[in-house]
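Each remark here refers to the structure printed beneath this line.
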Amino acid sequence: MTDNIIEISKAGLRSIFTANKYDDEILDEDLSRILFIRNFIEESLLSVKETCKGINAEEYFNELKKYALELFLTYCEESIPEEEKNSKDFNLEIHRKEDKDYFNYIYDNLEYPE
């Protein structure tokens, strides 16, 4: 049952990243997108805790946050211009680390890093 609930919630997270297909002003800033993700995860966690007593809440939270981060990293990678990707100095792992730190900072602090 835990896997089913997690998969349903993952579908909700995926919709956050496809919103721009329908309206390019929806969640057009990283701050808005990450705060929306945080709210989605926290609200769904509360709902799961209240209605699904057999679900491991910590596992649910960790899986959703990990999945949201994966989606965000993919989203960031897809937005890197081709010229940059093709340059000699390009290092995807550095970008991924920076994007991961950025996501976690906003998620934890509710603001852009200074």
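The values are calculated or read from the model by the stated rules, or taken from the named source; none is laboratory data. Being a predicted model, the structure only gives us computed values, none of them experimental. All Cβ positions, even for glycine, are placed from backbone atoms using ideal geometry, and neighbour counts span all protein chains on display. Areas reflect the complete protein model, heavy atoms only, side chains present, ligands, DNA and RNA absent. Shrake-Rupley method; radii C 1.70, N 1.55, O 1.52, S 1.80 Å.
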With the structure loaded, tell me whether Ser15 is under 19 Å from Pro113 (Cβ atoms), open to solvent by less than 80 Å² (accessible area, probe 1.4 Å) and modelled with pLDDT under 90 or whether it fails that test. no
Condition set exposed (fewer than 12 other Cβ atoms within 10 Å of the Cβ) and at pLDDT below 95, scope region 60-82, selection farthest from Ala19 (Cα to Cα): answer is Glu82
When the residues of region 40-55 are filtered to those that are open to solvent by 80 Å² or more (accessible area, probe 1.4 Å) and of a type outside the set (A, V, I, L, M, F, W, C), which remaining residue is modelled with the highest pLDDT? Glu43
